[in-house]
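*Asks:* Questions regarding the structure given below will be posed in turn.
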């Protein structure tokens, strides 16, 4: 099995808070991330697919096609958006990186299965800051 990886970027704002809690409790649990005026990040989305190289091309996956799929199905929906207010697939979900990556996995897995059946989604990583990131293997 060969693993190939593509990275894309997007900028987005969010507020991590639980609407069932008071502002005080949200600040206690989430700190500055619960700022009522939101805050932003320069995110990186890293996607790894796995498969066998095609004997005619030598490719496991067409990386341009994978990048275009990532942009169309995820990045374009998040880039320069407020995740709390503008992103349909995050509606009603606390926009922690953990929740974002779970929703992104669902979207990418379905798109890859439909348009790139020669590979399987293996892994995604969402980098929020140089110090904070989440990883998911679909488990």
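*Asks:* Could you please give the count of residues in region 104-134 that are part of a loop (DSSP other than H, G, I, E, B), surrounded by fewer than 16 Cβ atoms within 10 Å (Cβ to Cβ) and either in contact with a strand residue (DSSP E or B) (Cβ under 6 Å, 6 or more places away or on another chain) or at positive phi (or both)?
*Replies:* The first filter runs over region 104-134 and keeps only residues part of a loop (DSSP other than H, G, I, E, B), leaving 116-119, 128-132.
Pick out the ones that are also surrounded by fewer than 16 Cβ atoms within 10 Å (Cβ to Cβ) and you get 117-118, 129-132.
Of the ones still in play, those that are also either in contact with a strand residue (DSSP E or B) (Cβ under 6 Å, 6 or more places away or on another chain) or at positive phi (or both) are 118.
Here the count works out to 1.
*Asks:* For region 45-53, state whether one or more residues are touching a strand residue (DSSP E or B) at 6+ places or on another chain (Cβ under 6 Å) and more than 30 Å from residue 119 (Cβ to Cβ).
*Replies:* Checked against the condition, which is being touching a strand residue (DSSP E or B) at 6+ places or on another chain (Cβ under 6 Å) and more than 30 Å from residue 119 (Cβ to Cβ), region 45-53 yields no hits at all.
*Asks:* So, one more: Only one of (1) part of a helix (DSSP H, G or I); (2) under 19 Å from the mean Cα position of the chain (by Cα); (3) touching a residue at least 12 places away in the same chain (Cβ under 8 Å) fails for residue 30. Which number is that?
*Replies:* For residue 30, the failing item is (2).
*Asks:* When you go through 22, 57 one by one, which is the residue that is farther than 30 Å from residue 115 by Cβ, surrounded by fewer than 16 Cβ atoms within 10 Å (Cβ to Cβ) and without any contact (Cβ under 8 Å) to a residue 60 or more places away in the chain? Show your work before the answer.
*Replies:* On the way: 57 fails: farther than 30 Å from residue 115 by Cβ.
Step by step, each of 22, 57 is checked, and only 22 is farther than 30 Å from residue 115 by Cβ, surrounded by fewer than 16 Cβ atoms within 10 Å (Cβ to Cβ) and without any contact (Cβ under 8 Å) to a residue 60 or more places away in the chain.
We did not get these values from a lab; they are worked out from the coordinates using the rules stated. What you see is a predicted model, and the numbers here were worked out from it, not measured in a lab. With ideal geometry, Cβ positions are generated from the backbone for all residues, glycine too; neighbour counts draw on all protein chains shown.
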